[in-house]
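Working notes, beginning with the structure itself.
The values are calculated or read from the model by the stated rules, or taken from the named source; none is laboratory data. Remember, predicted model here, so these are calculated numbers, not experimental data. Heads up, the Cβs are rebuilt from the backbone with ideal geometry, glycines too, and the neighbour counts pull from every protein chain shown.
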Amino acid sequence: MRTSAVLSVLVLCVFAVSARAEGPPAAEQAAFEEQVKEALPAKKPLSDGDAEGRLGTARMKRANKAAAKVVERRMEKERPSDLLLLRRAGAADVVVVSGSYDRVQDVLAAMEVKHVVIPPRLLAKLDLLATQTLMVNCPGNVSREALDKIRDFVRRGGYLVTTDWALLHVTQKAFPGTIKYSGKATPNDVVKVHVHDGKEPLLAHVKLLQDNPRWWLEGQSYPIRVLDPEKVEVLMSSPEMKRKYGHGAVVVSFRHGDGKVLHMTSHFFLQQSKLVAASEKKKGSQFGKKAGLSDARLKKEEGVDLDEVSVGDLNSAYSMQQLSTNLLVTKQKDNEKLLERYKGRITTDATLADRPTARPGKKAPRVKKDFRVEILHRKGDKVKVRDLFGNEGWVPADAVTQ
């Protein structure tokens, strides 16, 4: 499809999306970004996604960048409305908690997804929006207060993504009884993974080749033990990993309240791969053709030459990036449904009271003008509302319009 044709489709999609929803919660997003700016040193940017990290070999960095372009071009051709949702997301929609052993921000930057990067210490101090996706890099060392905030955030509709050691430090602590660290860490290894079939949107187009992708397990990666198989869905697994380390789940997800949790063994930013089959050692342009890219798009487009990477490396990186892209697109679609509940608008800054007849306390939360709120109850000239940050309380009825 020519660029002009793609743009025409995207324009049509803009009108379709606008007809369905009012758009993102701009006032709340601005308030969140202001929180981050106030909490961080004056010279520290909201995102370090344009500063490439030191993780990974030059070979895998090329594979990660090339995979991002394959994902983008395929979505332009086959899923333009999903690509539009991804591009419409604001920086405040995706919050990355920095870590020592993974840099999902590098993957997001390669896919041109806007995001905010914060240090772990800041998580407990921020008010999270139910419309956000929170991505916690390994190792995920956060405070008890942050864990409580994460649990409530997901319950209200937020999406949480964790990798590797964050299973022990975040996921199993915040959501006991779902998944946990098996207790037996892996050595440095690369295993073949199986992408499960089904109607799960997170798996759309994740597998392109007959050969399953290979998954890098860093030395001391934490295998996932599924405690509640009825609640937890295994999206990707490895019989080889199960045989070696006792548990085969590689990527899992589960619902909690109105939100969703996704956890994976190893990392978003793949630092290693292993080429075994002859088909995996072929030039990456063969993978591009399988993805439906024309020959004209295969050579050095935007600084990426698919012939400089192998099919195997590209297949592994692509699977990870398509999965993460699907997650963010799914969240944007869920937000459209979520925001339908928040039909009220605050007309003037107001402080929330505990009861309709009480005066707000000195430390009571405030809702700002243009914030969206869900109207919970009405009593006389007061209404009880809930905002997207999870704050609840009573305000004068004339401070809300619906």
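Things worth noting here:
- Residues of the stretch 209-235 satisfying the condition of being outside any loop (DSSP other than H, G, I, E, B), within 19 Å of D102 (Cβ to Cβ) and not hydrophobic (A, V, I, L, M, F, W, C): R214
- Selection of helices (runs of 4 or more DSSP H) fully inside the stretch 1-100 by the criterion of at least 3 residues being of a type in the set (A, V, I, L, M, F, W, C) and modelled with pLDDT under 55 returns 3-20.
- Matching residues, the stretch 320-344, being crowded, with 17+ Cβ neighbours inside 10 Å, not hydroxyl-bearing (S, T, Y) and not in a helix (DSSP H, G or I): G344
- Yes/no for N315 being in the same structural domain as R79 (by TED's automatic domain parsing) and of a type in the set (S, T, N, Q): yes
- Test result for V113, at pLDDT 80 or above, closer than 27 Å to D164 by Cβ and not in a loop (DSSP other than H, G, I, E, B): no
- Scanning the stretch 361-380 for residues that are farther than 13 Å from A350 by Cβ and either of a type outside the set (K, R) or assigned to a strand (DSSP E or B) (or both) yields G361, R372, E374, I375, L376, H377, R378, K379, G380.
- Extreme residue, surrounded by the most Cβ atoms within 10 Å (Cβ to Cβ), among residues of the stretch 381-398 that are touching a residue at least 24 places away in the same chain (Cβ under 8 Å) and not in a strand (DSSP E or B): L388
- Filter result for G177 (at pLDDT 95 or above and either small (G, A, S) or outside the structural domain of L314 (by TED's automatic domain parsing) (or both)): yes
- Taking the stretch 341-365 as the range and being among the charged types (D, E, K, R) and either closer than 14 Å to E392 by Cβ or in contact with an Asp or Glu (Cβ under 6 Å, 6 or more places away or on another chain) (or both) as the test, the residues that pass are R341, D354, R355.
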